[in-house]
Amino acid sequence: MTARVIVADDQAVVREGIVMLLGLLPGIEVVGAAKDGEEAVALVGELAPDVVLMDLRMPRCDGVEATRRIRERYPVTQVVVLTTYADDDSLFPALRAGARGYLTKDAGGDEIVRAVRDVMAGDAGLAPTVQRRLLERVSAIAPVPARESPPDGLTPREAEVLSLVAEGFSNREIAGRLHIGAATVKTHINNIFAKAGVRDRAQAVRYAYQHGLIRPPGTNVT
């Protein structure tokens, strides 16, 4: 399935370069380009893209505020941040605003395609360095000791899926490790979100750490 994408970046040379790169990638169709957050929000309303590749530091309306507005007004459209910055002050506000992916501008074409496909499939499209930073930040919270039974009515299989989500595995990777279908993984994740009262994978990771559901290193999945 071809992903319809809008690019938002205030630097014309960068914006045009990203549009040109995306035009060479399989499964992506660029339907619009915006020079700031205000224009990005307007284009989403007009063109209804699948994904917006969003820069963060832009005039008039920055990428975090634009992401918040898009997710509130047009929840079908996903946002993948594409920025120079991977510091905490950039990363966490963007994720809280509703971004489902976060890449830095040194990402290659394959990584961009993978992130776009991941967010369209309901996964998180995070660069490996960003994923590690997120896990480091969450793991700094003192976890609850491992418990004998899962909390909030989670089944043992749902707890197992959640632990793999927290370790950064995509739905497809979880399906392969547990020898189940991708649709089954998605059903488990929807059940986990409902029972745990979380709305996205970032909150699910935090929940897993807080409730002691992370498997100890070296534990094998059966």
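Given the structure, is R4 more than 18 Å from A107 (Cα to Cα), in contact with a strand residue (DSSP E or B) (Cβ under 6 Å, 6 or more places away or on another chain) and open to solvent by 50 Å² or more (accessible area, probe 1.4 Å)?
yes
Do you know which of the residues in the range 17-52 that are within 21 Å of T2 (Cβ to Cβ) and charged (D, E, K, R) is least open to solvent (accessible area, probe 1.4 Å)?
D50
If you scan the range 8-21, which residues turn out to be touching a residue at least 60 places away in the same chain (Cβ under 8 Å) and closer than 14 Å to D55 by Cβ?
Hits for the range 8-21 are D9, V14, I18.
Could you list all residues from the range 187-207 that are within 17 Å of the chain's Cα centre (by Cα) and either hydroxyl-bearing (S, T, Y) or modelled with pLDDT under 90 (or both)?
Listed by number, the residues that qualify are V198, R199, D200, R201, A202, Q203, A204, V205, R206, Y207.
Looking at the range 159-177 only, could you name the residues that are of a type in the set (D, E) and open to solvent by 50 Å² or more (accessible area, probe 1.4 Å)?
E167, E173
Can V198 be described as open to solvent by less than 50 Å² (accessible area, probe 1.4 Å), in a loop (DSSP other than H, G, I, E, B) and either farther than 21 Å from L95 by Cα or of a type in the set (A, V, I, L, M, F, W, C) (or both)?
yes
Output the number of residues of the range 109-149 satisfying the condition of being open to solvent by less than 50 Å² (accessible area, probe 1.4 Å), at pLDDT 85 or above and more than 26 Å from V41 (Cβ to Cβ).
The number of residues fulfilling the criteria is 1.
Does the range 71-103 hold any residues that are among the hydroxyl-bearing types (S, T, Y) and open to solvent by 20 Å² or more (accessible area, probe 1.4 Å), and which are they?
Scanning the range 71-103 gives Y74, T84, Y85.
The values are calculated or read from the model by the stated rules, or taken from the named source; none is laboratory data. This is a predicted model, so every value here is computed, not measured. No Cβ is skipped: glycine too gets one built from the backbone with ideal geometry, and neighbour counts run over all protein chains shown. Just the protein is used for accessible areas: all its heavy atoms, side chains included, with ligands, DNA and RNA removed. Shrake-Rupley method; radii C 1.70, N 1.55, O 1.52, S 1.80 Å.
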